[in-house]
Amino acid sequence: MSESGTSPIVPGSQADHPRYVLWLIGLVAVGLSLFQLYSAGIQPLGLFYQRSIHLALIMMLAFLMFPIFGPDRRRGVIGGLLDLVFFAGAVITGGYMVLFLDDIIGRAGFWSQTDIVVGCIATVTVLEASRRAVGLGMTVIGVLAILYAFAGPRGELPWLGQFLPGILEHRGYNLDRLVGQLYLGQEGIFGLPMGVAATYIFIFVLFGAFLEITGAGKFFIDLAYAATGRQRGGPAKAAVIASAGMGSISGSAIANVVTTGAFTIPLMKRLGYKPHQAGGIEAAASTGGQIMPPLMGAGAFLIAEYTRMPYLDVVKVSILPAIMYFGTVYLFVHIIALKQGMQGMARAELPQVRDVMGEGWHFLLPLAVLVWLLVMNMSPMRVGYYAILTMLAVAALRFAVWFFFVAPKRGEPVTGQALWQAILHGVRKVIDGLELGARNAVAVSMACAVAGIIVGVVGLTGLGLKFSAMMMAFSGGNLLLALVMVLLASLVLGMGLPVTASYIVLIVLVGPALTAEFGVPLLIAHLVVFWYSQDSNVTPPIALAGFAGAAIAGAKPMDTGFQAWKFAKGLYLIPLFMVFNPEIIMGGPLPLLLWSTLTAFLALGAFAAALEGYLFTRMSAPVRLVLLPAIVAVFYPNLTAEAVGAAVMALALAGNWLASRREAAVAG
């Protein structure tokens, strides 16, 4: 986001669209946002009505925004005709369900030929829209899931079943049965992932769009600079804090990088951070925004729906781990600043807290209303609706105060024409926010639609239970090995899927094993999988947030990716702490909570110091090696092991501090 408060470029905003296509994109996008606001705050709709209308509008928008042959090529006559065919498929997908829902429910499994044909159209249309909006990887996995359902003695492709390993064999399903599962039931395309995307996620993406369009990003970044700018490595610490604030709302680590990174990365480089370090710090911090309450990049809503737990419980349990993660990144930043002898920024270069609050205090009111209503146990969708209304009301009130009271005192002209122009400008801002929110929601909604296909096939074939049996066999019943397998699976899935889709697919596959076989509490299992799903943002060879940071920093993508991977190591350690200390994370006795929190922070600090080889001064290799088993001991659920590990770390860090004092005395 630029300093003027304009939003970053979003997918599908290419300037080479014909004018009539741009008008259609704006019309469909604004219509979608208005529909979502209507159903969120005025007239809630039934499950299938809400999801089918949402999906139809999202796919119409996808086919308008993304030409069939790619964003760099014009549509042409053939491309235009194909896009028109798929656009019609999107209308049919949602329209048929809305118009004939009662008849479909009445048939209850005895589907007509028209049902099956429309279901096939819907499936193909969803896969194509996903290819354009999300990427080929998601579509390929969806197609593989469908082929897997067809493989088997009774399936459409019995010969394919011969190539399946024994544990993955199943009876196979015909076209009618699969289409009924994917399109005409509640476990496929219109399943839980689409339900969350069509309600909670969209309304908060829209809320984030209004924050972007009104300049909230600059407010949060300036506030972070005012708080940390004078410290060592100030801009990097500001990046961590600003990314924690904006990242939870933005819903995308990459969007977080390009908005906050546009400000923080150049300043980090100017202060002395190497380009790949600056890009890596921003990527790691931005990824953390997805695990930061209250919104957690919309992940909290998915977890609450899947676990059937109150949204507030998910947020409460997530607070301490999120603070641990950002504490780790913050400490890495501080250690590098010490190691490279950096200083803070001059006071004259920094904004003043008073000035920042005077300019943007109104951005805090919608957030306060949002948190208050969530605490009052109001529906998250209705909370998002009221938060958006609060933001618009506060912006209108602030303008009225400025126009009628502040401007006259400054001698600025207050005329009817000026008022009319200001009102038109405000209306344009609102329309821009409605359009931006819909555009930003396309990718996540399409990912959820294809995730619904995968979830539907997993439920139909029993693949989840088979995957759980495989996990038990490969891990030998060892929980740590099972978690390593989950981590590797999330990394592989994350190379082709967005974080949300990766989490949905993985929890369906490994969730039963973690909870039933290894005894991990349900909420902790979901949080661990959700955390591990973030890993693909910062882990080479496919580190999308890291690559976005590299583009801004002017650094090599792989170098930046490895730096991001290093700074984000809390994504590996903290889930282990959650798994082995669930009673603490979920609210144990206060003395035990304080002890475990203290030792966990000590371990994370020691881990950062050992990895960098520096804390107060350079750390020798033997000391770094001694710290590693001590760190592992602290995360092990045994009080004696924790105490010994904490003592070893405390002695090692104290020795490093004494060594720094001796060096300072000699130098002095």
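Kindly indicate the residue of region 351-406 that is in contact (Cβ under 8 Å) with a residue 24 or more places away in the chain and among the hydroxyl-bearing types (Ser, Thr, Tyr) and also nearest to Val205 (Cα to Cα) among those meeting that condition.
Tyr385
Any residue at all in region 197-207 that's surrounded by fewer than 24 Cβ atoms within 10 Å (Cβ to Cβ), aliphatic (A, V, I, L, M) and assigned to a helix (DSSP H, G or I)?
Looking through region 197-207, none of the residues is surrounded by fewer than 24 Cβ atoms within 10 Å (Cβ to Cβ), aliphatic (A, V, I, L, M) and assigned to a helix (DSSP H, G or I).
Conditions tested, residue by residue: (1) of a type in the set (Ser, Thr, Tyr); (2) open to solvent by 90 Å² or more (accessible area, probe 1.4 Å); (3) over 27 Å from Phe219 (Cα atoms); (4) modelled with pLDDT under 85.
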position	(1), (2), (3), (4)
Gly5	no, no, no, yes
Val10	no, no, no, yes
Trp23	no, yes, yes, no
Leu27	no, yes, yes, no
Gly31	no, no, yes, no
Phe35	no, no, yes, no
Tyr38	yes, yes, yes, no
Leu45	no, no, yes, no
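Go through region 580-602 and count every residue that is among the small types (Gly, Ala, Ser) and in a helix (DSSP H, G or I).
2
Any residue at all in region 60-71 that is part of a loop (DSSP other than H, G, I, E, B) and closer than 17 Å to Val28 by Cβ?
yes
Quickly run through region 356-381 and pick out the residues that are small (Gly, Ala, Ser) and assigned to a helix (DSSP H, G or I).
If the condition is that a residue be small (Gly, Ala, Ser) and assigned to a helix (DSSP H, G or I), then Gly358, Gly360, Ala368 are the ones that fit.
Within region 183-196, track down each residue that is assigned to a helix (DSSP H, G or I), of a type outside the set (Gly, Ala, Ser) and surrounded by fewer than 24 Cβ atoms within 10 Å (Cβ to Cβ).
Of everything in region 183-196, just one residue is assigned to a helix (DSSP H, G or I), of a type outside the set (Gly, Ala, Ser) and surrounded by fewer than 24 Cβ atoms within 10 Å (Cβ to Cβ), namely Leu192.
What pairs come out if I take residues in region 570-594 that are modelled with pLDDT of 80 or more and pair them with residues that are of a type in the set (D, E, K, R) whose C-beta lies under 7 Å away, six or more apart or interchain?
Close Cβ pairs (under 7 Å, with a partner that is of a type in the set (D, E, K, R)) amount to Leu571/Asp535.
Open to solvent by 60 Å² or more (accessible area, probe 1.4 Å), more than 14 Å from Trp595 (Cβ to Cβ), modelled with pLDDT under 85 and not β-branched (Val, Ile, Thr): which single residue out of Leu611, Leu628 fits that description?
Within the list Leu611, Leu628, the selection yields Leu611.
Quick one: would you say Trp111 is among the aromatic types (Phe, Trp, Tyr), without any contact (Cβ under 8 Å) to a residue 40 or more places away in the chain and either part of a loop (DSSP other than H, G, I, E, B) or surrounded by fewer than 15 Cβ atoms within 10 Å (Cβ to Cβ) (or both)?
Against the criterion (among the aromatic types (Phe, Trp, Tyr), without any contact (Cβ under 8 Å) to a residue 40 or more places away in the chain and either part of a loop (DSSP other than H, G, I, E, B) or surrounded by fewer than 15 Cβ atoms within 10 Å (Cβ to Cβ) (or both)), Trp111 does not qualify.
Mind checking which pairs have a first residue in region 201-224 that is touching a residue at least 12 places away in the same chain (Cβ under 8 Å) and farther than 17 Å from Arg439 by Cβ and a second that is crowded, with 24+ Cβ neighbours inside 10 Å and of a type in the set (Gly, Ala, Ser), Cβ under 6 Å, 6 or more apart or different chains?
Phe220/Ala242; Ile221/Ala242; Ala224/Ala238; Ala224/Ala242
Across region 533-582, what is the total count of residues that are under 16 Å from Leu491 (Cα atoms) and β-branched (Val, Ile, Thr)?
The number of residues fulfilling the criteria is 3.
Hey, any hits in region 404-417 for a residue that's over 23 Å from Leu223 (Cα atoms), part of a helix (DSSP H, G or I), open to solvent by 70 Å² or more (accessible area, probe 1.4 Å) and of a type in the set (S, T, N, Q)?
Scanning region 404-417 turns up at least one residue that is over 23 Å from Leu223 (Cα atoms), part of a helix (DSSP H, G or I), open to solvent by 70 Å² or more (accessible area, probe 1.4 Å) and of a type in the set (S, T, N, Q).
For region 91-105, check the following and say yes or no: at least one residue is among the charged types (D, E, K, R), assigned to a helix (DSSP H, G or I) and open to solvent by 40 Å² or more (accessible area, probe 1.4 Å).
The answer is yes, given that some residue of region 91-105 is among the charged types (D, E, K, R), assigned to a helix (DSSP H, G or I) and open to solvent by 40 Å² or more (accessible area, probe 1.4 Å).
When you scan region 348-355, do you find a residue that is part of a helix (DSSP H, G or I), in contact with a helix residue (DSSP H, G or I) (Cβ under 6 Å, 6 or more places away or on another chain), within 25 Å of Gly426 (Cβ to Cβ) and β-branched (Val, Ile, Thr), even just one?
No - not one qualifying residue is present in region 348-355.
Just wondering, is there one or more residues in region 520-531 that are closer than 30 Å to Lys274 by Cα and surrounded by 23 or more Cβ atoms within 10 Å (Cβ to Cβ)?
yes
Which residues, counting only those in region 142-174, are outside any helix (DSSP H, G or I) and open to solvent by less than 60 Å² (accessible area, probe 1.4 Å)?
Ala151, Gly152, Gly155, Leu157, Leu164, His170, Gly172, Tyr173
Given the conditions (1) open to solvent by 50 Å² or more (accessible area, probe 1.4 Å); (2) of a type in the set (A, V, I, L, M); (3) under 23 Å from Gly166 (Cβ atoms), which single one is not true for Leu480?
Just one mismatch for Leu480, condition (3).
Does Arg154 qualify as being in contact (Cβ under 8 Å) with a residue 12 or more places away in the chain, among the basic types (Lys, Arg) and farther than 30 Å from Leu374 by Cβ?
For Arg154, the condition - in contact (Cβ under 8 Å) with a residue 12 or more places away in the chain, among the basic types (Lys, Arg) and farther than 30 Å from Leu374 by Cβ - is met.
So, of the residues in region 314-350 that are of a type outside the set (A, V, I, L, M, F, W, C) and surrounded by fewer than 16 Cβ atoms within 10 Å (Cβ to Cβ), which turns out to be modelled with the highest pLDDT?
Here the residue is Lys316.
Residue under question is Leu365, and the condition is that it be open to solvent by 60 Å² or more (accessible area, probe 1.4 Å) and either aliphatic (A, V, I, L, M) or under 19 Å from Gly215 (Cβ atoms) (or both); does it hold?
yes
Select, from Leu184, Leu168, Leu136, the only residue that is touching a helix residue (DSSP H, G or I) at 6+ places or on another chain (Cβ under 8 Å) and either modelled with pLDDT of 85 or more or within 22 Å of Ala449 (Cα to Cα) (or both).
Leu184 is the lone residue from the list that is touching a helix residue (DSSP H, G or I) at 6+ places or on another chain (Cβ under 8 Å) and either modelled with pLDDT of 85 or more or within 22 Å of Ala449 (Cα to Cα) (or both).
The values are calculated or read from the model by the stated rules, or taken from the named source; none is laboratory data. These numbers come from a predicted model, not from an experiment. In this analysis, Cβ positions are derived from the backbone assuming ideal geometry, glycine residues included, and neighbour counts consider all displayed protein chains. With ligands, DNA and RNA removed, areas are computed over all heavy atoms of the protein, side chains included. Shrake-Rupley method; radii C 1.70, N 1.55, O 1.52, S 1.80 Å.
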